[in-house]
Amino acid sequence: MKSIQKIPLSEIDLADRTFSVNFRPDLERLRASIREVGLIQPVLLRETAKGYQIVSGFRRMAATQQLGYADIEARLLEEKEQEDLNLFLFSLHENLTTRGFNVVETAIALEKLVHFLKGDSTLVVKTFLPIFSLETNEKILNTYLSLAAWRMRLKNSY
């Protein structure tokens with residue numbers, strides 16, 4: 001991992017949601033905090049051939065963009081430094097310890113874990129449901145996966 005650098009927002013792929021689990025985040029408090037004291041924690045980016053990919057810090061990225069920042073402080077990873085699953089787990093744990101997830105974000109996270117683990121739902125049930133304080137039960141996982149499938153309809157209904 002490289003040291004903290006200022007990266008222009010124009011060089012970051014803001015549309016890439018590979019590691020995001022955000023669902024309709026309320027950014028007002030975060031914007032107010034950044035406006036008052038600045039960005040406290042840098043975002044984590046992976047350097048790619050096309051620029052930068054957000055690994056962790058989607059909400060911070062959105063808030064600074066809304067505030068009109070031209071660049072953002074970031075820690076950088078080399079393109080091949082980590083596999084996608086490991087980067088997703090890093091982002092997942094950072095978010096769980098700093099803000100937690102709502103029900104839809106939990107569903108999105110579980111859906112992405114199933115994807116990254118190539119459909120190994122047994123591993124997701126045994127290893128990851130407890131992280132979300134959920135009972136280790138396949139039916140619970142399937143309920144959350146069904147909710148994840150509905151997220152676009154939910155998003156559009158707000």
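Throughout, read-outs are computed from the coordinates displayed, never taken from laboratory work. Note that the coordinates shown come from a computational prediction; the quantities given were computed from them, not determined experimentally. Note that we place each Cβ from the backbone using ideal geometry, even for glycine, and neighbour counts take in every protein chain shown.
What are the ³J(HN,Hα) values, in whole Hz, obtained from phi via the Karplus relation 6.51 cos²θ - 1.76 cosθ + 1.60 with θ = phi - 60°, for each residue of region 46-54 in sequence order, with x given for Gly and Pro?
With the stated coefficients, region 46-54 comes to 10, 6, 10, 4, 9, x, 9, 10, 6 Hz.
Within region 99-123, whose backbone N sits under 20 Å from a point 7 Å along Cα→Cβ of SER33?
What the label zone holds, given the 20 Å backbone N cut-off, is 99-103, 105-106.
Amide H of ASP120 versus every other amide H placed in the peptide plane: which residues, excluding those fewer than 5 positions away on the same chain, fall under 5 Å?
Correct list: empty.
What is the ratio of the Cα radius of gyration of the chain to 2.2 N^0.38 Å, where N is its residue count, to two decimals?
Relative to the rule-of-thumb radius for its length, the chain sits at 1.08.
Helix 138-149: angle to the longest alpha-carbon principal axis of the chain, degrees 0 to 90, nearest 10?
So the helix axis and the longest Cα principal axis differ by about 50 degrees.
In degrees between 0 and 90, to the nearest 10, how far off the longest principal axis of the chain does helix 103-116 point, with axes built from Cα atoms?
Value to nearest ten degrees: 90.
What is the gain in length, in nm to one decimal, between ASP71 and ILE40 on full extension, counting 0.36 nm per residue of separation less the C-alpha to C-alpha distance?
9.7 nm
Looking at the chain, what % of its DSSP beta bridges pair antiparallel, to the nearest 5?
60 percent
Suppose R0 equals 30 Å. What FRET efficiency, 1/(1 + (r/R0)^6) with r the Cβ-Cβ distance, do THR97 and ALA49 give to the nearest 0.05?
0.40
Hey, can you grab everything whose amide H is under 5 Å from the amide H of ASP71? Only 5+ residues off in sequence or another chain; H modelled, so Pro and N-termini drop out.
Those lying under 5 Å, H to H, from ASP71 are LEU9.
Which whole-Hz couplings ³J(HN,Hα) result when phi for each residue of region 92-99 is put into the Karplus expression 6.51 cos²θ - 1.76 cosθ + 1.60, θ = phi - 60°, listed in order with x for Gly and Pro?
With coefficients 6.51, -1.76 and 1.60, one gets 4, 5, 4, 5, 4, 7, 9, 9 Hz.
Compute the helix-to-body angle for 28-37: its Cα long axis versus the longest principal axis of the chain, expressed 0 to 90° and rounded to tens.
Here the helix axis deviates by roughly 30 degrees.
In a solvent-free Debye calculation with one equal scatterer on each Cα, what is log10 I(q)/I(0) for region 101-158 at q = 0.28 Å⁻¹, listed in the order of the q values?
Cα-only, vacuum Debye calculation for region 101-158: -1.17.
7 Å from Cα along Cα→Cβ at both ILE140 and GLN82: what's the point-to-point distance in nm?
With each label point 7 Å from Cα toward Cβ, the separation is 2.6 nm.
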